[in-house]
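To start, the structure itself, in C-alpha cells.
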Amino acid sequence: MAKNKKKKKKLGSWVLFRDGLINTILSLVVCYLLSLLFLNITFFNPLTKALQDFSFLDVYYSERLNVDPNIEPNILLINIEHKSRNEIGLMLKEVLKARPKVVGFDVILKEFRKTAEDSLLASYLDNKKVVNSFVIDKEEFISNHSFFSGSNDTGFVNFNFNNQNSVIREFVSEIKQHNMAYKSFSVKVAKKYLNNQEWNNLNLDKKLKSTSVINYKGNLDNFINFSIDEFMLLKNKSIVENKIVLVGYLGTPTGNVFDVEDKHFTPLNEITSGKSIPDMYGLVIHANIISMILNNSFMFEVDKGWVFFLMFFFSLLASIYFIWLSRRLKISYRTARKAVLFVFAILLVWFTLVLFKKGIVIKSAPIIAVTVFSAGFIKFYKHLVRWINTKVKFKSYLK
C-alpha cells in the first residue's frame, strides 16, 4: 500500500511538471504570435511603440535614484546659440590659446561663404586638437563643406539609427558603411583625451561594443557650461587647460526648456510615459558618454539569451505553482493568484532597480509580462485538456 501511494505521488508530481511545461510552451508561442500581430497591424502601432520604448531604467533615472551631485571636472561645454561664424571662430581661437587637450566641434558647416570669417574658422578647425563631426543619414553622409574638412579626426554624432525619436539609452560606438568602419564622435574625443596606454589599461576597445548602454551622469547642470559671450568675458581662461571642450548647441538661451533644436528623449526625462518634450541636448549626451568612458563607469547589459531563459524559468515556475494551487483553492484561487503575481512583479522591479544601481542592466519588463500571461493562460490550458479528453484519454493534474 505504501509503495502504491509513493508511486501515485511521483506520478502526480510528474504530471504536474508536464502540465506546467506544456502550459509554459503554449503561452510563449501565443505571446510570440500576439507580438507578430501587434507589429504587423497598423492599428496597434502606438501601443507597440509605447511598449518597445519602455524600460525600468527610465524609472530609475527619472526618480533620481542615481543622483550624482558632483560636476564632471574634465569636460566643459560651450553653447554656440545662433552666433555668427566670426564669433564662433574668435571663441575657438581663445579656447585653443588656453591649451585644452581636446576640442569636440559638434557643429556642421555645410556651406562655404568665401569670406575672411570662414577662412579664419577653417584654420582653427584644422588644429590637431579638434575633433569634427558628421551625421549618417541612411546611405548619405552629412558633413562639413570640404573647405572646413579640418583635421582627420571626425566622428558621427548619431545616437539611435533605427528610430531618432525613441529614448536614447544606448549609443553606437562604431558603424560600418561601404566596407569602412566609422567611430562615434564621443569615442573619438575620449580616445584623443586618453593616451594609448591609458586606453589599453582600461581595456576600452573590448568594453566599447558596437552598442553600449549609457550610464548617465546627469543633465546640463552636471557639466561646466558657458555661452560664447560668457566664455569670452572670462578674464582667466585657464579653466580649459588640459580639459575636453565640447562646442555645440545648448539652446537659446542656454538650457531653454522649450527649445527642442538638437534635443532628444533620455531616461532622465521626468515624465516616463505619455507626452513630454525632449529633455537633453545632443552635446550633453555626448558629454555623458565621454564621462562614462573616462571614468570607466560602464553598465553591463544582461544578454538577451539570459533574459529569455529567465522568462521561461519564471513562466514555468508560475505555471506549475498555479496549476497546483488551482486544485488546493477553489473559491479564493483568483484572489491568491493576483496577490502572488503582484508581489512577484514588485520584487522583480525592486531587484531590477538594485541591479541598475550596481551597474547591471536587465530588461525585466518582458519577464514580468510573459510570467503574468503564462499564469493567466492556465484557464485556456484547462479547456484544452477537457477538449483533448473528449477525443483521447489524457492524464492531467487539472480537474
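Structure data summary
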read-out: At least 30 Å along the helix axis (C-alpha) and Kyte average at least -1.0, DSSP helices within the chain; value: 2-40, 304-328, 333-357
read-out: Computed helical MRE - 222 nm, the chain, DSSP H runs ≥ 4 contributing -39500 (n - 2.57), nearest 500; value: -15500 deg cm²/dmol
read-out: Viscosity 1.002 mPa s, 20 °C: Kirkwood-radius Stokes-Einstein D of the chain over Cα pairs, µm²/s; value: 87
read-out: Fully extended contour minus Cα-Cα distance, from S210 to L96, at 0.36 nm per residue; value: 37.8 nm
read-out: Two-site FRET efficiency, N70 against E270, from Cβ-Cβ distance with R₀ of 22 Å, rounded to 0.05; value: 0.55
read-out: Mean separation of Cα contacts under 8 Å (6+ apart) over length of the range 73-161, as relative contact order %; value: 28
read-out: Accessible heavy-atom area order of D279, D137, D126, highest first, probe of 1.4 Å; value: D126, D137, D279
read-out: Share, in percent, of DSSP beta bridges within the chain that are antiparallel, nearest 5; value: 35
read-out: Förster-model FRET efficiency, 30 Å R0, L233 and E117, C-beta, rounded to 0.05; value: 0.90
read-out: Residues T390 and I25, FRET efficiency given R0 of 25 Å [Cβ-Cβ distance, rounded to 0.05]; value: 0.65
read-out: The range 262-332-the range 145-219 distance, computed between alpha-carbon centres (Å); value: 23
read-out: Spin-label model distance (nm) - A336 vs S35, 7 Å beyond Cα toward Cβ; value: 3.2
read-out: Gain on full stretching of the segment that runs from Q197 to F373 - 0.36 nm per residue minus C-alpha separation; value: 58.2 nm
read-out: Length added when fully stretched, W14-L347, from 0.36 nm per residue minus Cα-Cα; value: 117.0 nm
read-out: Rg in Å to one decimal, and Dmax rounded to a whole Å, for the range 76-226 via C-alpha atoms; value: 16.2, 46
read-out: Relative contact order (%) - the chain, alpha-carbon pairs under 8 angstrom, separation at least six; value: 24
read-out: Relative contact order %, the range 317-399, counting alpha carbon pairs below 8 Å whose residues are six or more apart; value: 42
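The values are calculated or read from the model by the stated rules, or taken from the named source; none is laboratory data. All values derive from a computational prediction rather than experimental measurement. Because the Cβ atoms are built from the backbone with ideal geometry, glycine has one as well, and the counts that use them run over all protein chains shown. To get the accessible areas, we keep the full protein, side chains included, count just its heavy atoms, and leave off ligands, DNA and RNA. Shrake-Rupley method; radii C 1.70, N 1.55, O 1.52, S 1.80 Å.
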